[in-house]
Amino acid sequence: MDYTQSFAISSIGMTVERTRVDVAALNLANANSVAGPDGSLYKPLRVVAHATFASSVEQGLNAPLVQIEPTQQPPRSVYEPGHPLADARGFVTYAGVDAATEMVTMMGAMRSYEANVAAMNTARNMALKALDIGGNT
Amino acid sequence: MSTEAIQAVAPVAAQILEPSLQPMAQGQAFSTGAAAGVQGGFGNLVSQGVEHVNQQLLANQVDLQQLAVGNVENLHQVMIRLEESRMQFQLMMQVRSRLLEGYQDIMKMQV
C-alpha cells in the first residue's frame, strides 16, 4: 500500500472525529435554547459514520461518509413561571441536550483523533525509515 | 563500466531506462539531459521527479497562504499535504545523494 493511502485513511478518520466534535459543540451551544411559540425546538444531533472506508480510500482525501441525524431525545421541561415563554402551567421546554453525553462524546472523539494522528505518524515514520535504507549515517 | 555504475546507483530507474541511455556518459546525462531534453533519458527522469516535488511544494505554498488568510476548511489535510511533500523532498534528497556518491566515485576512479 502506498503511504499516501495510509495518510488518506487517517485523514478520513480525522475528518469524522472532527465532525463529531463540531456536532457536540453545536449541541452544547443549543443546550439552553427554548421551544419557540410555534413549538419549534432544537433536536440534539448525532454523527452516524458508515463503514465505507475501504472503498473511499481510493477516492482521495475528501470522502463524505458521515450523516448527521437528529436524535429522539425528549425535551426537558423546567418549571419557570416567570419565563416569558412559559406555558399555562409555568413550564418552559428546553432542548433535550444532555451535557454529560456531549462531553463524553467530545472526549472520545478527541482520543480517536489522537489515535488517527498516531497511525498517520507511524506510517510516516515507516516511510522515512525506509529512506534510511543504505544510508551511511 | 559506466552503465554498470549507473545501474548500481539507480537500480529502480534501471528498469525504465531505455537502451538509448546505455552509451550515454553519466556527465552528459546530468549536464545536457535535463536542459536539452534528451528523449527518455535518465536526466529527463530526474528532472521530472524534481518537477513533481516542486509542484507539490508550490501547492503547499497555496495551502499555507489559505491558512494565513484564515479560510482553511481542514487543518489536518493541510498538515498531511505538508508531510507528503516533505517526504517527497526527502526522497529526492536521498536519490540525489546516491547519485552524487556514484558520480564522485567515478570521478575519483584511476584511469
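The values are calculated or read from the model by the stated rules, or taken from the named source; none is laboratory data. As the structure is a computational prediction, the values presented were derived from the model and not from experiment. Here the Cβ is made from the backbone with ideal geometry for all residues, glycine too, and neighbour counts use every protein chain on show.
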### region A:114-137 residues that are within 10 Å of chain B (Cβ to nearest Cβ) and under 13 Å from residue A:13 (Cβ atoms), paired with ones that are part of a helix (DSSP H, G or I) and aliphatic (A, V, I, L, M) (beta carbon under 6 Å, 6 or more apart)
A:116/A:14
### Query
Which residue pairs have Cβ atoms closer than 8 Å, lie 6 or more positions apart in sequence or on different chains, and pair a first residue in region B:65-87 that is at the interface with another protein chain (Cβ under 9 Å from one of its Cβ atoms) with a second residue that is outside any helix (DSSP H, G or I) and of a type outside the set (Gly, Ala, Ser)?
B:77/A:61; B:80/A:61; B:87/A:131
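Would you pick out the residues in region B:70-111 that are of a type in the set (Phe, Trp, Tyr) and either in contact with a Phe, Trp or Tyr (Cβ under 7 Å, 6 or more places away or on another chain) or over 15 Å from residue A:131 (Cβ atoms) (or both)?
Result: B:103, single match.
Answer with yes or no whether residue B:98 is farther than 23 Å from residue A:6 by Cα, of a type in the set (Lys, Arg) and in a helix (DSSP H, G or I).
Yes; evaluated as a whole, the condition is true for this residue.
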## Note on the structure
Residue hits (region B:79-94; closer than 18 Å to residue B:52 by Cα, among the aliphatic types (A, V, I, L, M) and surrounded by 14 or more Cβ atoms within 10 Å (Cβ to Cβ)) are B:80, B:82, B:87, B:91, B:92
### Query
Restricting to region A:1-26, what's the tally of residues that are assigned to a helix (DSSP H, G or I), among the aliphatic types (A, V, I, L, M) and either within 12 Å of chain B (Cβ to nearest Cβ) or without any contact (Cβ under 8 Å) to a residue 40 or more places away in the chain (or both)?
6
#### Entry: Hey, residue A:40 modelled with pLDDT under 85, among the hydroxyl-bearing types (Ser, Thr, Tyr) and farther than 14 Å from residue B:77 by Cβ or not
yes
